[in-house]
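Just so it is clear, none of the values below were taken in a lab; they were calculated from the coordinates. Small disclaimer: the values here were computed from a predicted structure and weren't measured. Heads up, the Cβs are rebuilt from the backbone with ideal geometry, glycines too, and the neighbour counts pull from every protein chain shown.
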Amino acid sequence: MDILTCRDLTLGYGEQILVEKLNFHLPKGSYLCIVGENGAGKSTLMRTLLKLQEPLSGRIWLDEEAAAGGIGYLPQQTQTQRDFPASVKEIVLSGCQARGSWHPFYTREERERSHRCMHRLDICHLQDRSYRKLSGGQQQRVLLARALAATDQVLLLDEPVTGLDPKASLAMYEVVEKLHQEGITIIMISHDVRASAENASHILYMGDQVFFGSSGEFAESPIGQYYLARGGQHA
Ligand SMILES: Nc1ncnc2c1ncn2[C@@H]1O[C@H](COP(=O)(O)OP(=O)(O)OP(=O)(O)O)[C@@H](O)[C@H]1O
Ligand SMILES: [Mg+2]
């Protein structure tokens with residue numbers, strides 16, 4: 001069963017068209033890695049999937065159960081967000097707001113849920129620390145826990161390893177793969193195509209050309225071979 005279908009999706013801003021007539025469908029439980037050039041529209045696609053932005057044309061269908069269960073989102077990071085003044089616990093709890101019901105105080109169930117997410121990502125010992133004083137790797141783990149607090153179904157991760165050293169990147173990939181094994185559909189943007197292609201079931205390449213297929217099909221395709229041979233440098 002598919003969790004997501006994009007039909008004839010055209011993305012852009014005003015006169016600027018980034019992607020034209022994008023078509024793909026993704027089975028539930030997949031691990032989609034979106035790769036491609038800077039400015040190709042990867043983050044725009046993710047924001048469009050989240051309905052934070054309208055497509056220029058075309059349609060998106062998200063499985064009803066997934067839509068009802070909420071979508072976890074880890075946005076591409078900016079320096080300002082790194083300085084966000086809140087405790088780890090508060091940041092993870094704020095993910096629960098994306099589940100729909102907003103009220104002035106968090107419920108006991110939401111507190112328990114966010115505690116379970118911190119436990120799953122092994123960050124309980126950081127819960128009372130100030131987010132802005134954590135390392136980049138710890139911060140990304142906190143943001144992943146926040147995204148997880150929003151969903152049991154699907155995680156959208158926009159460059160979760162950018163700025164992390166190889167060891168922290170590997171740890172991040174391992175924890176994302178663990179969540180995938182637990183049944184969560186993963187949609188991740190990454191520039192690190194070799195590492196991400198190892199776990200991904202599907203690849204969407206966005207650039208001058210667009211490719212969608214299984215990671216095996218990507219590795220066999222001319223664009224995949226060109227891209228992988230250059231260690232993920234852009235074709
Ligand atoms: N809100 C906006 N209004 C107008 N143009 C925008 C807006 N957001 C992004 N753009 C432009 O759309 C293009 C694609 O941006 P996007 O952030 O989707 O690229 P990306 O593939 O995620 O790139 P990167 O790898 O650098 O993160 C860029 O040229 C960007 O300047
Ligand atoms: Mg981006």
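Under a Cβ-only charge scheme (Lys and Arg +1, Asp and Glu -1), can you give me the dipole magnitude of the range 37-93 about the Cα centre, in debye to the nearest 20?
So the dipole magnitude of the range 37-93 works out to roughly 160 debye.
In the chain, helical runs assigned H by DSSP with n ≥ 4 each contribute -39500 (n - 2.57); averaged across all residues and rounded to the nearest 500, the mean residue ellipticity at 222 nm is -10500 deg cm²/dmol.
Taking other Cβ atoms within 10 Å as a rough exposure proxy, I203, I71 sort from fewest to most as I71, I203.
Averaged over all directions, how much area does the convex hull of the C-alpha atoms of the range 41-174 cover when projected, in nm²? Could the numbers behind the result be given before it?
Numbers: hull surface 36.1 nm².
Projected over every direction and averaged, the Cα hull of the range 41-174 covers 9.0 nm².
Of the trypsin sites (Lys or Arg not before Pro) found in the range 32-93, those that fall in a DSSP loop while having at most 16 other beta-carbon atoms within 10 Å are K51. Counted over all Cα-Cα pairs of the range 114-235, pairs farther apart than 23 Å make up 35 percent. Remark: the Cα gyration tensor places the range 119-191 in the oblate category, a/c being 1.5 or greater and a/b not exceeding b/c. Exposure proxy shown here: for S201, S57, S215, the number of other Cβ atoms within 10 Å sets the order, fewest to most, as S57, S201, S215.
List the trypsin sites (Lys or Arg not before Pro) in the range 125-177 that DSSP assigns to loop (not H, G, I, E or B) and whose Cβ has at most 16 other Cβ atoms within 10 Å. Which are they? Don't jump to the answer; show the numbers that get you there.
Values: sites: R129, R132, K133, R141, R146, K167; in loops: R129.
Counting only loop positions with at most 16 other Cβ atoms within 10 Å, the trypsin sites (Lys or Arg not before Pro) in the range 125-177 are R129.
Loop-resident chymotrypsin sites (Phe, Trp or Tyr not before Pro) (DSSP state other than H, G, I, E or B) in the range 98-193 with no more than 12 further Cβ atoms inside 10 Å of their Cβ: W102, F105.
Of the cross-linked pairs K21/K51; K89/K133; K42/K133; K51/K167; K21/K42, which ones have a Cα-Cα span greater than 25 Å in the structure shown? Result: K42/K133; K51/K167 exceed 25 Å. For the chain, the convex hull drawn through the C-alpha positions has a volume of 128 cubic angstrom per residue.
Dipole magnitude for the chain: computed about the Cα centre from +1 point charges on Lys and Arg Cβ and -1 point charges on Asp and Glu Cβ, it is near 740 debye. Based on alpha carbons, the Rg and Dmax found for the range 34-86 are 13.8, 39 Å.
How would the range 163-235 be classified by its alpha-carbon gyration tensor: rounded, prolate or oblate, with rounded meaning a/c under 1.5 and the a/b versus b/c comparison settling the rest? Display every interim value, and only then the final one.
Values: a/c = 2.25, a/b = 1.42, b/c = 1.58.
It is oblate, given that a/c is not under 1.5 and a/b is not larger than b/c.
Once the chain from E15 to A68 is taken as fully extended at 0.36 nm per residue, the excess over their C-alpha distance is 15.7 nm. Spin-label pair L50-D208: with each label point 7 Å from Cα along the Cα-Cβ axis, the two points sit 3.1 nm from one another. Compactness of the range 99-151 was expressed as the Cα radius of gyration divided by 2.2 N^0.38 Å, which yields 1.16.
Taking the fewest neighbouring Cβ atoms within 10 Å as the starting point, the ordered list for I187, I123 is I123, I187.
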